[in-house]
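The values are calculated or read from the model by the stated rules, or taken from the named source; none is laboratory data. Everything quoted here is computed from the prediction, not taken from an experiment. Ideal geometry is used to build each Cβ from the backbone, glycine not excepted, and the neighbour counts take in all protein chains shown.
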Amino acid sequence: SNDSVAYEFMNEPVAEDHEQWNALIAKVHKALREREPQRTLVIGSNMWQSYGTIKYLKVPEGDKNIILSFHYYNPMILTHYGAWWTPIGKYTGKVNYPGILVSKEDYEASNDTVKAVIDENKFTTEEWNIDRIRADFADAIAAAKKYGLQLFCGEWGVYEPVDRELAYKWTKDMMTVFKENNIAWTTWCYDADFGFWDQKKHDFKDKPLVDLLMEK
């Protein structure tokens, strides 16, 4: 039914040029609207649905049944701590949040590869807190207001090995910013390595996280 199923054009598109993605959006939108004029459509930003590229989106005009989507996992050194598939996942020191994420001592104890990632992201010099999240969301919020559309954070979450108190602090800040700006959201994920539910045991893996997500 049109009330329960929406179509997302593509999950985390990656185009060398933003106009390539915009051209595909226009083509797919035209084809879908010829067949299903009432269907809700979800359009994400280029480069893995980045919050930083949503300002380059060219959304079809005159169609208010569209949801703008972005994903957010910053700071990665917190949300992906210990994640083997990411360069920053090899960092083994302490993460501080809110505040300066990496101390000088932990930076010096890291290998050169990890230091390079820390330097690139300014984890030893820039403060991370709720105001940083607000600032990061600014372009996405502006785009939604420009087009008069609902904004949706389709992915965000914390890897299971991350210190739970850190995870809860970051999650609470994320939820606050969502509520402040009427941003719809879906956390990544339900089960698996970012999840809060154990499908096999049919029980919560992280009930405090669920309580945070369900707070009104």
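Considering each residue of region 1-44, count those that are among the small types (G, A, S) and farther than 21 Å from G62 by Cβ, and give that number.
Residues of region 1-44 among the small types (G, A, S): 1, 4, 6, 15, 23, 26, 31, 44.
Still in the running and farther than 21 Å from G62 by Cβ: 1, 4, 15.
The number of residues fulfilling the criteria is 3.
Being outside any strand (DSSP E or B), of a type outside the set (A, V, I, L, M, F, W, C) and under 23 Å from E126 (Cβ atoms) is the filter here; which residues of region 64-80 pass it? Working first, answer last.
Within region 64-80, the first condition is being outside any strand (DSSP E or B), and the residues that meet it are 64-65, 72-80.
Next cut, of a type outside the set (A, V, I, L, M, F, W, C) only: 64-65, 72-75, 79-80.
Matches in region 64-80: Y72, Y73, N74, P75, T79, H80.
Within region 167-201, can you find the residues that are modelled with pLDDT of 95 or more, assigned to a loop (DSSP other than H, G, I, E, B) and farther than 22 Å from W85 by Cβ?
Matches in region 167-201: N181, N182, I183.
Which of (1) closer than 22 Å to T171 by Cα; (2) crowded, with 16+ Cβ neighbours inside 10 Å; (3) touching a helix residue (DSSP H, G or I) at 6+ places or on another chain (Cβ under 6 Å) does R134 not meet, given it meets every other one?
Condition (2) is where R134 drops out.
What number of residues within region 36-46 satisfy the criterion of being surrounded by 18 or more Cβ atoms within 10 Å (Cβ to Cβ) and not in a loop (DSSP other than H, G, I, E, B)?
Quick first cut of region 36-46, residues surrounded by 18 or more Cβ atoms within 10 Å (Cβ to Cβ) only: 41, 43-46.
Now drop any that are not not in a loop (DSSP other than H, G, I, E, B), which leaves 41, 43-44, 46.
Selection size over region 36-46: 4.
Considering G52, G93, which residue is of a type in the set (G, A, S), in a loop (DSSP other than H, G, I, E, B), over 27 Å from Q150 (Cβ atoms) and at pLDDT 95 or above? It would help to see each step written out before you state the result.
Values: G52 fails: over 27 Å from Q150 (Cβ atoms).
Matching residue, one of G52, G93: G93.
Which members of region 138-165 meet the condition of being assigned to a helix (DSSP H, G or I), of a type outside the set (D, E) and out of contact with any helix residue (DSSP H, G or I) (no Cβ under 6 Å at 6 or more places or on another chain)? Spell out how you get there, then give the answer.
In the first step, residues of region 138-165 are kept if they are assigned to a helix (DSSP H, G or I); the result is 138-147, 164-165.
Keeping just the survivors that are of a type outside the set (D, E) gives 138, 140-147, 164.
Of everything in region 138-165, those that are assigned to a helix (DSSP H, G or I), of a type outside the set (D, E) and out of contact with any helix residue (DSSP H, G or I) (no Cβ under 6 Å at 6 or more places or on another chain) turn out to be A138, I141, A142, A144, K145, K146, Y147, R164.
Here are the criteria: (1) assigned to a loop (DSSP other than H, G, I, E, B); (2) within 16 Å of D136 (Cα to Cα). Tell me which single one E61 does not satisfy.
Unmet for E61, out of (1) assigned to a loop (DSSP other than H, G, I, E, B); (2) within 16 Å of D136 (Cα to Cα): (2).
How do the pairs read when you match residues in region 101-114 that are in contact (Cβ under 8 Å) with a residue 24 or more places away in the chain with residues anywhere that are part of a helix (DSSP H, G or I) and surrounded by 17 or more Cβ atoms within 10 Å (Cβ to Cβ), using Cβ under 8 Å and keeping only pairs 6 or more apart or on different chains?
Sorted first by the residue in region 101-114, then by its partner, the pairs are L101/I77; L101/L78; V102/I77; V102/I118; V114/I88.
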